[in-house]
Amino acid sequence: MLPVIDGHFWVERNGKILDTHFPYYDMIKMYHGCCGEMMYHEADDFTQKLMITRFKRELNKVGLCEDDYLHLKSVIYDGKAVMNECYYNSLLAMKEGDRLVFGSLGWKKKDGSGVWWEYGGKDYKGIKAFLK
């Protein structure tokens with residue numbers, strides 16, 4: 001139904017990022033020698049618009065709107081955020097006036113060599129880069 005992506009959705013409210021930190025992320029950070037808080041890199045505006053539109057279009061193909069999808073997923077997941085379900089998690093957190101954002105998520109490397117991008121990458125350009 002929804003495309004498989006190498007990217008991440010999150011919510012921005014009044015300039016603040018709303019996103020769930022899952023315990024699994026700590027394992028990812030340890031494995032890749034990372035530290036600190038989650039880091040985000042927004043995809044360009046055009047890619048974000050295309051990706052959000054693509055997700056909505058896929059839902060429409062099976063006769064669902066975002067509210068229907070959110071309701072169905074909430075029943076399955078008991079209304080809780082779920083690892084690897086960032087689109088659902090973002091819709092779950094959304095309130096009027098919030099901005100749905102698409103891009104990359106990662107953590108700084110302890111050795112100072114840059115950022116480990118678990119989802120996406122700072123060098124990802126265009127929608128094809130984010131689709132698996």
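Name the single residue that is farthest from the chain's Cα centre (by Cα) among those in region 2-56 being hydroxyl-bearing (Ser, Thr, Tyr) and either closer than 18 Å to Lys125 by Cβ or loosely packed, with under 15 Cβ neighbours inside 10 Å (or both). Talk me through it step by step, then tell me what you get.
Residues of region 2-56 that are hydroxyl-bearing (Ser, Thr, Tyr), as a first pass: 20, 24-25, 31, 40, 47, 53.
With the extra rule that they be either closer than 18 Å to Lys125 by Cβ or loosely packed, with under 15 Cβ neighbours inside 10 Å (or both), the set shrinks to 24, 31, 40, 47, 53.
Working: Tyr24: 15, Tyr31: 21, Tyr40: 10, Thr47: 14, Thr53: 14 Å.
This residue is Tyr31.
The residues on offer are Glu96, Glu85, and the sole one that is without any contact (Cβ under 8 Å) to a residue 40 or more places away in the chain, crowded, with 16+ Cβ neighbours inside 10 Å, of a type outside the set (Lys, Arg) and on the phi < 0 side of the Ramachandran plot is Glu85.
Going through Thr53, Thr20 one at a time, which residue ends up being of a type outside the set (Gly, Ala, Ser) and closer than 18 Å to Phe130 by Cα?
Thr53
Bear in mind that the values in this text are calculations on the coordinates, not laboratory data. These numbers come from a predicted model, not from an experiment. A quick note on method: Cβ atoms are made from the backbone with ideal geometry, for glycine too, and the neighbour counts reach across all protein chains shown.
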